[in-house]
Each structure stands twice: as structure tokens, then as C-alpha cells.
Amino acid sequence: MADHAVLILTDAADVAADRVAAELTLRGVRVVRMDAADFPATVSMAATIDSGSAWSGTLTSPNGDTVDLGDIGTVYRRRPTQFGVDERMSAPEKAFAYGEARHGFGGVLSALEWGGCLWVNDPAAAVRADYKPVQLAAAAAAGLTIPPTLITSAPHAAYQWAQDLGRPVVYKPLSGVWHADEGRIRALYTSPVTDIADLLDPALARTAHLFQERVAEQFEARAVVVGSDVFTVRIDAAGEEARTDWRRDYDALTYTRITLPDEVASALVELHARLGLVYGAADLICDHTGNWVFLETNQSGEWAWLAEETGIPVAERLADLMEAGPAWTR
């Protein structure tokens, strides 16, 4: 049994966190769960530091559970939401309060790393890994096959690249699927470029765009990397929309647990080590020749529904390394 506590930072509806917390509790590991949105309204922190010491003090959750900062050996940062601020404040006051919460509460927790605390995943590494250009460069360096890719704001460069490639092309958003749109949230999925002449649209010059070769797939897969373990699920799509981006239509998907070739699994572990990530959910394509192509990895990617469908033991492996905490090594 671990002699340290595990702090889980996530929202209340996180099924994956529920699974990990339940597994840790069964093992007798103390679990403290909270969301950043609850600070400072119902979560409180009192922390001190002096020469020759680390941060010490207490953290209190909404249910009154208090934990010493020095007792936290693992932080599982899943999907914490934005810090809450008092609605009675003016807009400038809210912005200031949010910044102070982020740098104070977030900064103290981030500093626990210097005392040996294990982060899943380290916030700084997570932010850097969210950049697709960084992921693709690290994947290529780790020996993974990646699609030919262009990032540009120049319409003519996009058109010329697609013309020279001479194969089907897709557009992918650089900053994720979900985007705010005048009070609504819209999903922006991978989309085929049906006519490369459209790339000459002057509007393309307004920001950066990512274009890739559309790999002719036999099937897609999600490989969940936990430390040095890789759990892979084959994803077969029945509809055209789901074949372009399987997130468009979950009802059209079927799942099968598979084993990656050793060299691909090893390269994925190497990729996540290069990115400084303990956990990641990587999306891959297996083409019609059996070649594996890396698309991207998500440092907080979902896995709970795949565990439900196929039995992959992600919660158990996450619990293993969180229980080890500061003693864990890849």
C-alpha cells in the first residue's frame, strides 16, 4: 500500500477518473479528488515555503477532506475546468482573480514535482505536447511513420504542395476539435479537400492551416500508452463520415483489442518519453499494406469507453504507477 496520497484534478462527471479512483481505493490508497473550478469557492489552500525547504501546508476539498501538500505523491491531472471567480466582481477584477488563482493554486501544485511528486501528466509537458507540430517532429524522431504534412497560411503554397503531392488531402484543425462560436460550441473535424483549387481562397491567409495526405486506411486504432505499456483497440467504421474522422459517428464504430507490432509499440513509448508524458492516447492508421501511420496523441485522451468495450486494463495500470508515485520509473 502506498504511503502517499493521490490527488485527482478533474470535473465531477469524469468516468475515467472514477475508475482509477475506485481501483486505488480498493488498494487502500488515499484519494483526494477536486476540480480547479472549485477554487477558491469550496477548495482552499494554505501553503508556505522558506529557505532550504519545499512548499508545505494543506489543501482542502469541497467535502472537507484535508490533505498535507507533503503527503501528495501523485497528481492525476485529467480534465480540470477553469477556475471559478466571484460573479460580483467587474470584468477586470475577474481577469485578475483568475490569473492569481492560476499562478497561486496552480503554481504551488506544479512545484510539488520538485519534492518528487509524480504528475500524470506534468502540466508543462502537457501544454507543449498539445502542439501538433511538436508531436509530429517527436514521432518522426521516435521512428514512427507520419503522413506528409504542410502547415501554412499561404494559399499558393498550399495549392502547390497538394498539386505536387498528387494524392488525396485532408484538413485538420491545429488547436483541437471543439471551438467556441458566439455562445455555442462547434466541432471541427478532419475534412477532405475535395478540390485543391479551393486552397487558393485568399481567406486561407488569415491564419495557419494544417494539411496532410489522406492515408488510405484498412482500419484505425487508438493506442493507449501508460508508462511502458501500450493497449491498442482497432476501430472499424461503417459510415463514410466516421471513416474520415471516427469521432463524427460513434454509433458506426466497432472495437477489437489488438496487439501492435513490437517496433510500433516501442516507438510509441519512446514518443511519449520524448514528450515527457506518462500517459497518452495515440491515434493511428493501418493502411492496406499493413503499414502503421501515426496521426496524433492526446495527453488527456479518453479511454474509459474503450475499456468498457474491450476490457483493456488502463485503470489498473494507471493505478499501478500512481500507487508507486515518486518511486515510479518508465
Of ALA36, ALA111, LEU144, which is farthest along the charge dipole of region 31-146 in the positive direction, counting Lys and Arg as +1 and Asp and Glu as -1 at C-beta?
-> LEU144
Point-to-point label distance, ASN63-ARG206, nm (Cα→Cβ direction, 7 Å offset) | 4.7
Lys and Arg at +1, Asp and Glu at -1: add these up for the other residues within a Cβ distance under 10 Å of VAL32 and post the number.
-> 0
Rg and Dmax of the chain, using alpha carbons, in Å: what are they?
-> 21.7, 63
Find the centroid of the Cα atoms in region 1-72 and in region 81-128, then give the distance between the two in whole Å.
-> 14
Computed for the chain: size of charge dipole around the Cα centre, +1 on C-beta of each Lys and Arg, -1 on C-beta of each Asp and Glu, debye to nearest 20, value 380
Taking only protein heavy atoms and a 1.4 Å probe, the highest-to-lowest accessible-area order of ARG234, ARG102 is ARG102, ARG234
Residues with beta-carbon under 10 Å from that of PRO62, excluding PRO62: net charge, scoring Lys, Arg +1 and Asp, Glu -1?
-> -2
Here the gain from full extension of ARG79 to ALA304, 0.36 nm per residue of separation minus their alpha-carbon distance, amounts to 79.6 nm
Counting only the heavy atoms of the protein chains, how much of ILE258 is accessible to a 1.4 Å probe, in Å² to the nearest 10?
-> 40
Exposure of MET45 as accessible area (Å², to 10), given a probe of 1.4 Å and all protein chains | 50
Per residue of the chain, what 222 nm ellipticity follows from adding -39500 (n - 2.57) for every DSSP H run with n ≥ 4, rounded to the nearest 500?
-> -9000 deg cm²/dmol
With GLY84 itself left out, Lys, Arg at +1 and Asp, Glu at -1 over residues whose Cβ is under 14 Å from its Cβ give -4
Where Rh is the Kirkwood radius over Cα pairs, Rg/Rh for region 42-115 | 1.00
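The values are calculated or read from the model by the stated rules, or taken from the named source; none is laboratory data. It should be emphasised that the depicted structure is a prediction, and the values quoted were computed from it without experimental measurement. Every residue, glycine as well, gets a Cβ built from its backbone with ideal geometry; the counts of neighbours run over all protein chains shown. With ligands, DNA and RNA removed, areas are computed over all heavy atoms of the protein, side chains included. Shrake-Rupley method; radii C 1.70, N 1.55, O 1.52, S 1.80 Å.
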